[in-house]
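S.K.: Below you will find the structure I want to go over with you.
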Amino acid sequence: MRKIALITGINGQDGAYLAQFLLKKKYKVIGTHKSNKPNILKLKRLGIEKKVKLRKMDLGRLKDIQKIFNKYKINEVYNLASQSYIDKSFYDPIKTSDINAIGVLRLLETIRSKKYKIKFYQASSSEMFGNNKNYKQSETSRFDPQSPYAVSKLYGHFITKNYRESYNIFAVSGILFNHESPLRDKKFVTSKVIQGLIDIKNNKINKIKLGNINIKRDWGYSKEYVAQMWKMMQLKKPNDYIIATGKAHSLKKLINIATKNLGMKTKWKGSGSNLKLINKLNNKVIILSDKKFFRPSDVICTRGDISKAKKDLNWRPKTSFNQLVNILIMDYQKKN
Ligand code: NAP
């Protein structure tokens, strides 16, 4: 009998890669989307849009959830759906919290109330650590969320732990640090920078405006990260794990690697919120830091301590930061 996995948010970056991974493992995959007309572009890019069953399920609607859980004999739920834009969470904190926090509770309550024997994965985030001053953040580090998104994720994280401990539900949280891929939406900074630089090189646009260019993030490759979600669900005992590379790189460094790979001759001018990248060919500003894009409060640096995942999941990140930037560049160049 094929196992049945339910992926909420299957049309997102991780949802699409996880679906591909689980199909290879012979799972029957049911994926959910919130809108009436789902955008299946990512599934199509992976050539799996016909291999998964798509169902509408808004995490804000308990009835939607109950209907799906009633209909299918689900073995594993991967809750990847979320309002995942940090900037948007400052403009729409109520909706963000209803989906990212109470949405998790709606799923867990459905499992608990019907005593379903279903394993549950929650997509937690490094954003929950916020400006924790530790050199690296581990599963036991103090949380210090800096956005409504991060606060809502923290609720999702703790309610998952609470249902595991209170009701003996197999529920795990993967605290994933930033992970990117060619499937990442353009609104996220890595895609915005890489696609923007290629468009500047091809004379399609003049410049890119960014927020704080000095932020540092622990950036990994999404395709590798989704495999760890599955591994967590195969453990004997449910637990929470950090998935990261253990290394932090600045946004400035990402830009430097990308411009070098693209053969662009550039130089930096200014500092802080006046930092600018100049195209040496024509002395024009091609990247600038704009106060408008600064968040009300922001996370300066994230770096994950992956000791626990190394030991229990045999987690070893394979794609280096340079390789990741190259993957993104090559993909966008192919499309243009
Ligand atoms: P993503 O591309 O933004 O995908 C999230 C999906 O959630 C979207 O496809 C969207 O589905 C769905 N969604 C939004 N609101 C919903 C609602 N009300 N009901 C049901 N579905 C809804 O995110 P991702 O990068 O794949 O990340 C997956 C998960 O990991 C998210 O929970 C994210 O917060 C978390 N995370 C991501 C990172 C990262 O670096 N990527 C790091 C840590 C944690 P529709 O297509 O139907 O709109």
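S.K.: Considering only DSSP states other than H, G, I, E and B, which trypsin sites (Lys or Arg not before Pro) in segment 96-200 qualify as loop sites with at most 13 other Cβ atoms within 10 Å? Walk me through the intermediate numbers first.
M.R.: Numbers: sites: Arg106, Arg112, Lys114, Lys115, Lys117, Lys119, Lys133, Lys136, Arg142, Lys153, Lys161, Arg164, Arg184, Lys186, Lys187, Lys192; in loops: Lys114, Lys115, Lys117, Lys133, Lys136, Arg142, Arg184, Lys186, Lys187.
Qualifying residues, ordered by number: Lys114, Lys115, Lys117, Lys133, Arg142, Lys186, Lys187.
S.K.: Counting pairs of alpha carbon atoms under 8 Å apart in space and at least six apart in sequence, what relative contact order in percent does the chain give?
M.R.: Details: 646 pairs, mean separation 55.5, N = 336.
Relative contact order, the chain: 17 percent.
S.K.: Can you give me the Cα centroid spacing of segment 259-288 and segment 130-152 in angstrom?
M.R.: One Cα centre to the other: 32 Å.
S.K.: Name the residue farthest towards the positive end of the dipole of segment 16-132 from the options Leu41, Ile74, Asn100, assuming +1 on Cβ of Lys and Arg, -1 on Cβ of Asp and Glu, about the Cα centre.
M.R.: Toward the positive end, the furthest listed residue is Ile74.
S.K.: Mind listing the long-range amide H neighbours of Ser173? Cut-off is under 5 Å, sequence gap 5 or more, other chains count too, H placed in the peptide plane at 1.01 Å from N.
M.R.: Under 5 Å from the amide H of Ser173: Gln122, Asn239, Asp240, Tyr241.
S.K.: Taking θ as phi - 60°, what are the ³J(HN,Hα) couplings along segment 262-271 by the Karplus curve (6.51, -1.76, 1.60), each to the nearest whole Hz, with x for Gly and Pro?
M.R.: With coefficients 6.51, -1.76 and 1.60, one gets 8, x, 9, 9, 9, 9, 8, 9, x, 8 Hz.
S.K.: Taking springs between alpha-carbon atoms closer than 10 angstrom, which of Lys310, Lys236, Lys88 fluctuates most in the Gaussian network model of the chain?
M.R.: Looking only at Lys310, Lys236, Lys88, the largest GNM fluctuation is found for Lys236.
S.K.: Can you sort Phe129, Phe321, Phe294 so the residue with the fewest Cβ neighbours within 10 Å comes first?
M.R.: Details: Phe129 28, Phe321 20, Phe294 13.
By the 10 Å Cβ count, ascending: Phe294, Phe321, Phe129.
S.K.: Evaluate the distance, in nm, between pseudo-label points positioned 7 Å from the Cα of Lys186 and of Leu262 along their respective Cα→Cβ axes.
M.R.: 1.4 nm
S.K.: For Asp199, put the label point 7 Å out on the Cα→Cβ axis and report which residues of segment 266-286 keep their amide N under 15 Å from it.
M.R.: Once the point is set 7 Å along Cα→Cβ of Asp199, 286 turn out to lie under 15 Å by backbone N, inside segment 266-286.
S.K.: Calculate the dipole size of the chain relative to its Cα centre from +1 charges on Lys and Arg beta carbons and -1 charges on Asp and Glu beta carbons; express the result in debye to the nearest 20.
M.R.: Values: 70 positive and 24 negative charges, 220 e Å.
Dipole size: approximately 1060 debye.
S.K.: Using the alpha carbons of segment 1-130, what is the convex hull volume per residue in cubic angstrom, as a whole number?
M.R.: 119 Å³
S.K.: Go through segment 126-131 residue by residue and turn each phi into a ³J(HN,Hα) via Karplus (6.51, -1.76, 1.60, θ = phi - 60°); whole Hz please, and just put x for glycine and proline.
M.R.: Values, residue by residue: 4, 4, 5, 6, x, 9 Hz.
S.K.: Given 0.36 nm per residue, what is the gain on full extension from Leu54 to Lys24 after removing their alpha carbon distance, in nm?
M.R.: Values: separation 30, 0.36 × 30 = 10.80 nm, distance 1.77 nm.
Here the answer is 9.0 nm.
S.K.: Now for a different question. A 30 angstrom limit on the alpha carbon distance is what I want to check against. Which of Lys37/Lys335; Lys34/Lys204; Lys24/Lys311; Lys310/Lys334 exceed it?
M.R.: Details: Lys37/Lys335 24 Å; Lys34/Lys204 33 Å; Lys24/Lys311 25 Å; Lys310/Lys334 35 Å.
Cα-Cα > 30 Å for Lys34/Lys204; Lys310/Lys334; rest within.
S.K.: Can you tell me the FRET efficiency between Phe294 and Ile94 if r is taken as the Cβ-Cβ distance and R0 is 22 Å, rounded to the nearest 0.05? Kindly include the intermediate steps, with their values, before the conclusion.
M.R.: Numbers: r = 23 Å, r/R0 = 1.03.
Using R0 = 22 Å, I get an efficiency of 0.45.
S.K.: Please report, in whole Å, how far the alpha carbons of the chain spread along each principal axis, starting with the longest.
M.R.: Computed over the chain, the largest-to-smallest principal extents equal 66, 43, 38 Å.
S.K.: Moving on to the next point. Evaluate the distance, in nm, between pseudo-label points positioned 7 Å from the Cα of Lys207 and of Lys284 along their respective Cα→Cβ axes.
M.R.: Each label point lies 7 Å from its Cα, and together they span 1.1 nm.
S.K.: If I take R0 = 30 Å and measure r between the Cβ atoms of Asn131 and Lys310 in this structure, what FRET efficiency does the formula 1/(1 + (r/R0)^6) give, to the nearest 0.05? Please list the in-between numbers first.
M.R.: Numbers: r = 25 Å, r/R0 = 0.85.
Approximately 0.75, to the nearest 0.05.
Laboratory data are not the source of any read-out in this text; all were calculated from the coordinates shown. Remember, predicted model here, so these are calculated numbers, not experimental data. So basically every Cβ, Gly included, is an ideal-geometry build from the backbone, and we count neighbours across all protein chains shown.
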